[in-house]
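Beneath this line is the structure, given in structure tokens, with notes to follow.
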Amino acid sequence: KSHIYKLKVFIEDVDFGRVYYSRYLQYIERARSELIHERFGLTLTQLMNEHDIMFVVRSCSIKYLKFAVFEDKLNIETKVQKKTNVRLNLLQEVKRGGEVLVSAEVELAVIDRSGSIKKLTQELLEKI
């Protein structure tokens, strides 16, 4: 099951008439945060404080296919491709209508506050 995060492009996102490339990384980060919040029913702060769990990006491969412009309405679709109790592999696509503008494969590691690998509980793993 995929997760959809909706946003509108603002003027501060644009450079030379197009969305600046690094903004897409911010868009997909927001989408991941919302996915985690909606699936777990916890904010990222609650996840850290109550479960000593943080998700960090281990790798990100991004392809820029087309560009968005000021006032475009975008959907960021996130699909969990693979999950283990210590790692999540996601496919995130930035779309305008049905058109894919940007595609990113993101691998997240699960760590605790000290930076050590932490295992998700079976309950949390099933929710994601």
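The values are calculated or read from the model by the stated rules, or taken from the named source; none is laboratory data. Model, not experiment: these values are computed from the prediction. When the accessible area is computed, the model is the full protein with side chains, heavy atoms only, and any ligands, DNA or RNA have been set aside. Shrake-Rupley method; radii C 1.70, N 1.55, O 1.52, S 1.80 Å.
Quick one: among Leu47, Leu74, Leu88, which has the greatest mean-square fluctuation in a GNM of the chain with alpha-carbon springs under 10 angstrom?
For the chain, modelled as a Gaussian network with Cα springs under 10 Å, the answer is Leu47.
Pick from Gln81, Gln46, Gln92 the residue whose mean-square fluctuation is largest in a GNM of the chain, springs joining Cα atoms under 10 Å.
Judging by the Gaussian network model, the answer is Gln46.
Once you've got the Cα coordinates, tell me which of Lys63/Lys127; Lys73/Lys118; Lys66/Lys119 are over 30 Å apart.
Violating the 30 Å limit, Cα to Cα: Lys73/Lys118; Lys66/Lys119.
Probe radius 1.4 Å, ligands and nucleic acids left out: which of Ile4, Ile28, Ile111 has the largest accessible area, and how do the rest follow?
Largest to smallest exposure gives the sequence Ile4, Ile111, Ile28.
Using only the heavy atoms of the protein chains and a 1.4 Å probe, how would Phe55, Phe70, Phe40 rank by accessible area, largest first?
In descending accessible area the options line up as Phe70, Phe55, Phe40.
Classify the stretch 1-72 from the C-alpha gyration tensor, please: rounded if a/c falls under 1.5, else prolate or oblate depending on whether a/b exceeds b/c.
Since a/c reaches 1.5 and a/b is larger than b/c, the shape of the stretch 1-72 is classed as prolate.
With an 8 Å cut-off on Cα pairs and a minimum separation of 6 or more residues, tell me the relative contact order of the chain in percent.
30 percent
Would you check the accessible area of Glu123, probe 1.4 Å, heavy atoms only, in square angstrom rounded to 10?
Its accessible surface works out to 120 Å², give or take rounding.
For log10 I(q)/I(0) by the Debye sum over Cα atoms at q = 0.10, 0.23 Å⁻¹, several values are listed as (1) -0.33, -1.32; (2) -0.30, -1.62; (3) -0.56, -1.32; flag the one computed from this structure.
(1)
Is it possible to state the helix-based mean residue ellipticity at 222 nm for the chain, with each DSSP H run of 4+ residues giving -39500 (n - 2.57), the sum divided by total residues, to the nearest 500 deg cm²/dmol? What is it?
Using -39500 (n - 2.57) per qualifying helix, the result is -8000 deg cm²/dmol.
Cα axis of helix 21-40 to longest principal axis of the chain: angle in degrees, 0 to 90, nearest 10?
40 degrees
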